[in-house]
Amino acid sequence: MSTLPSTAGLSGRWPVLWMLVVVRVAMGYQFQAAAGAEPWLIADFGIDYATVGSLIGFYTLPGIVAALPGGYIARRIGEKNLLIFGMALMAAGGAISGLAETFAWAFAGRMVSAFGVVFLFVVMTKAVGDWFGGGERFLAMALFLNGWPIGIGLGLVVQPMIGTGLGWHWIFLTSAILTGAALLCMLVWFRHPPGYRAEM
């Protein structure tokens, strides 16, 4: 049975976990952004529901080609560095989609975000497993995984109001802002467990 390092006390691992939950919430919110902006995207760009669906589906598609390289990159440059890079891509992609004047640019921003999300998927689950062992791992993993549906639920509630009040651009821009806030949390609270060393 896996055990925690003796120096990884409550003050070390729980802030890391809650930071990862915040990141998962931002991911879920951004995933929902395309669906939240759907009626305005259809009206402004003259596209159909299937085309909007591509914005939703392609958010996770890069995982087919990027998951394995992402694991290798994490070992070489360090997991925190890859997480920061992935979140920067998420924020940049949300901003690109939010500022888009054509569907092509909205799609391009979505793909930029998608590649960032792939790197997060690869590393964050491992980070939870590194910090938590035994029975605590089940609780930690449950809390971590629930961040995604919480983010989607948040999007379902607030994104229609944002689109109605401010315009669909702000649905994507708020996803970039939320991701930026999560990135700040990452910079402040994420740490590797004792004994961690990236392969150089």
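The values are calculated or read from the model by the stated rules, or taken from the named source; none is laboratory data. What you see is a predicted model, and the numbers here were worked out from it, not measured in a lab. For neighbour counting, all protein chains shown are included, and Cβ atoms are generated from backbone atoms with ideal geometry for every residue, glycine included. Calculation scope for accessible area: heavy atoms of the full protein, side chains included, ligands and nucleic acids excluded. Shrake-Rupley method; radii C 1.70, N 1.55, O 1.52, S 1.80 Å.
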Suppose we keep only residues that are in contact (Cβ under 8 Å) with a residue 12 or more places away in the chain and surrounded by fewer than 20 Cβ atoms within 10 Å (Cβ to Cβ) within segment 82-101. Which one would you say is nearest to V16 (Cα to Cα)?
I84
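Does L178 meet the test of being within 19 Å of L20 (Cβ to Cβ), out of contact with any Ser or Thr (no Cβ under 9 Å at 6 or more places or on another chain) and without any contact (Cβ under 8 Å) to a residue 24 or more places away in the chain?
Numbers: within 19 Å of L20 (Cβ to Cβ): yes; out of contact with any Ser or Thr (no Cβ under 9 Å at 6 or more places or on another chain): yes; without any contact (Cβ under 8 Å) to a residue 24 or more places away in the chain: no.
No, not satisfied.
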State yes or no: is G98 on the phi < 0 side of the Ramachandran plot, at pLDDT below 95 and not charged (D, E, K, R)?
no
Test for G109: is it small (G, A, S), in contact with a His (Cβ under 8 Å, 6 or more places away or on another chain), farther than 20 Å from F144 by Cβ and not in a loop (DSSP other than H, G, I, E, B):
no
Output yes when any residue across segment 178-197 is in a helix (DSSP H, G or I), touching a helix residue (DSSP H, G or I) at 6+ places or on another chain (Cβ under 6 Å), at pLDDT below 90 and among the aromatic types (F, W, Y), and no when none is.
yes
Could you check G135 against (1) in contact (Cβ under 8 Å) with a residue 24 or more places away in the chain; (2) open to solvent by 50 Å² or more (accessible area, probe 1.4 Å); (3) not hydrophobic (A, V, I, L, M, F, W, C) and say which number it fails?
(1)
Result of the Cβ filter at 9 Å on segment 105-117, keeping first residues that are under 20 Å from P69 (Cβ atoms) and without any contact (Cβ under 8 Å) to a residue 12 or more places away in the chain and partners that are assigned to a helix (DSSP H, G or I) and open to solvent by 40 Å² or more (accessible area, probe 1.4 Å), at least 6 apart or interchain, is none
Answer with yes or no whether A74 is open to solvent by less than 40 Å² (accessible area, probe 1.4 Å) and modelled with pLDDT of 95 or more.
no
